[in-house]
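Values quoted throughout were computed directly from the atomic coordinates according to the rules given, and no laboratory measurement underlies them. Fair warning: this is a prediction, and the values are worked out from it, not measured in the lab. As a convention, Cβ positions derive from the backbone with ideal geometry for all residues, glycine included, and neighbour counts pool all protein chains shown.
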Amino acid sequence: MEILSVNGPHRLTGDVTVRGAKNSILKLMAATLLAPGRSVISNVPRILDVSIMTELLRRLGCEIDYDPEAGVIDIDVPEEPGIQADYELVRAMRASICVLGPLTGRMRAAHVAMPGGDAIGSRGLDMHQAGLEAMGASAHLDHGYFIAEAPDGLTGAEIHLPFPSVGATENLLMAATLADGTTIIDNAAKEPEIIDICLMLQAMGAQISGIGTKTLTIEGVDRLHPVKHRVVGDRIVAGSWAFAAAITGGDITVRGIDPQLLPHVFEHLRAAGAEVSVLSGSADTEGLVAGIAAANEHGAQDMGFRVIGPQRPHSIRVATLPFPGFPTDLQPFAVALNAIADGVGLLTENLFEARWRFVHELARLGAEITIDGNHALVTGVDSLSGAEVEASDIRAGAALVIAGLAAEGRTEVSEVDHIDRGYEGFVEQLQSLGADVQRVDKPEPFDIDSLA
Ligand code: UD1
């Protein structure tokens, strides 16, 4: 069993560069299915989820040339891709569901294994289903598979999402690009990753207006063509480093990301007493859509920000919300910051109902946290103390490592695969920032069954 062994307390100082967003690249890879031929995507992060998506697309008949070092993936989509996403891949990566929209749009059918409940709540697919049905598909569950069929092709429809779901917006958007007529998605998600996928689809020949707003209008076209595209920077990885600086009293400069992607994150870090400054190349483009388009075209190497952490942070009040609100994926870092802050902090989780699993692990480090429904009341302690803890998902895992760096003594984080799914070279990056952290092989934990 591989674990991460962390020795604290340790300030993190230095520079990191982030690559493309996990939550964008997976969908961009799925979107290539909409056009036969060779698409090339750059700024691809070297993470496990990209490898899982690569395998999924291979099984659908795509030929893929992936250069993880260069961060470039070349996807050759056949005229007749397969239509089935197997359970073994979907269970490993829930985001596999994003092939549903492109396959139904282009192949008129998709059989995608239903993801089981995962560590952060039950996450339904009802909006994906209702939207495809509004476009004329039949959709039902059969033997654990979500089956969507539209033998005569999809037709444009007016779809109102009860909640701005990221996944539903993406699936319905991709499906609509090849539908007959106009689709309007109202109350659509506005995350930067949605903007990124809209820009790539436009470059493929899709007709989309309202990009970056809550109403997307898509005029269906007969055919899309392959594309070259650069992935938007990973605002969640960038935000993780920003919190790492604030939590460890460090000084980190994050490059490769447009600071416009993190509005509320900076606000909360400043409230915690951190100094946040934007790098000079960052202010060139006004507006989010223009900024993402410019970074797509020219890269974002000169963009970024610097966070200098306070000696001890003040506690903060954070409520997670759809973009541009505070991202739910950074919530564990905000909890970790409050755990060592001066005062009592409050976290309200508005997106996923069961995203508190990691709180129990943080309590093993000595954090004082009371959960009441979707609120977590965190009383800051003077210091945490290292302990053995388990990562329950990608962000919780990374936040536990950062909390371990603020704790006295050794923290051992198990289930590190989760972290590898979303953070490229996490350990190496931490080491380059001065952290005392190693991957260590440990014997498997005691097997209770052996007593039976
Ligand atoms: C994506 C991100 C995830 C992020 C989340 C919210 C990826 C791979 N994952 O997840 O990291 O935390 O956005 O920013 O991009 N819901 C329904 N019915 C539906 C769809 C969603 O009830 O049909 C609910 C979910 O259960 C959840 C909430 O809506 O409680 C938000 O889900 P959604 O925005 O769809 O998140 P994902 O796309 O799964």
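In what order do Ile257, Ile64 fall by count of nearby beta-carbon atoms within 10 Å, going from fewest to most? Please list the in-between numbers first.
On the way: Ile257 30, Ile64 16.
Ordered by Cβ neighbours within 10 Å, fewest first: Ile64, Ile257.
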Next on the checklist: Among Pro310, Leu433, Ser165, whose Cα projects farthest towards the positive end of the dipole of the chain, with charges put on the beta-carbon of Lys, Arg (+1) and Asp, Glu (-1)?
Outcome noted: Pro310
Item to check | Per-residue Cβ neighbour rank within 10 angstrom, fewest leading, Phe446, Phe426, Phe326 | outcome: Phe446, Phe426, Phe326
Checklist outcome for this item: So, with points 7 Å from each Cα along the Cβ direction, the Leu346-Asp152 label distance in nm works out to 5.4
Item to check | With Cα atoms, 0 to 90° folded angle of helix 22-31 axis to the chain main axis | outcome: 10
Item to check | Mean-position separation - Cα centroids, the range 381-418 and the range 316-353, in angstrom | outcome: 17
Checklist entry - Using 0.36 nm per residue, how much length does the chain from Gln202 to Asp417 gain when fully extended, once their Cα-Cα distance is taken away? => result 73.9 nm
Item to check | Lysine pairs within the chain, Cα separation less than 27 Å, 8 or more sequence positions apart or different chains | outcome: 9
Next on the checklist: To test your reading of the geometry: what angle, between 0 and 90 degrees and rounded to tens, separates the Cα axis of helix 394-406 from the longest principal axis of the chain?
Outcome noted: 20
Checklist outcome for this item: Expected unfolding gain across Thr379-Glu2 under the 0.36 nm per residue rule, minus the alpha-carbon gap, is 132.5 nm
Item to check | Approximate spin-label separation Arg312-Val40, in nm, with each point projected 7 Å along Cα-to-Cβ | outcome: 5.5
Checklist entry - What shape does the range 22-219 take by its C-alpha gyration tensor, where a ≥ b ≥ c are the square roots of the eigenvalues and a/c under 1.5 counts as rounded, a/b above b/c as prolate, and the rest as oblate? => result rounded
Next on the checklist: Just to check I understand the Karplus step: with θ = phi - 60° and J = 6.51 cos²θ - 1.76 cosθ + 1.60, what whole-Hz values come out for the range 418-429, glycine and proline as x?
Outcome noted: 4, 5, 5, 5, x, 10, 6, x, 4, 5, 4, 4
Checklist entry - Can you give the translational diffusion coefficient of the chain in µm²/s, computed by Stokes-Einstein from the Kirkwood radius over Cα pairs at 10 °C and 1.306 mPa s? => result 71
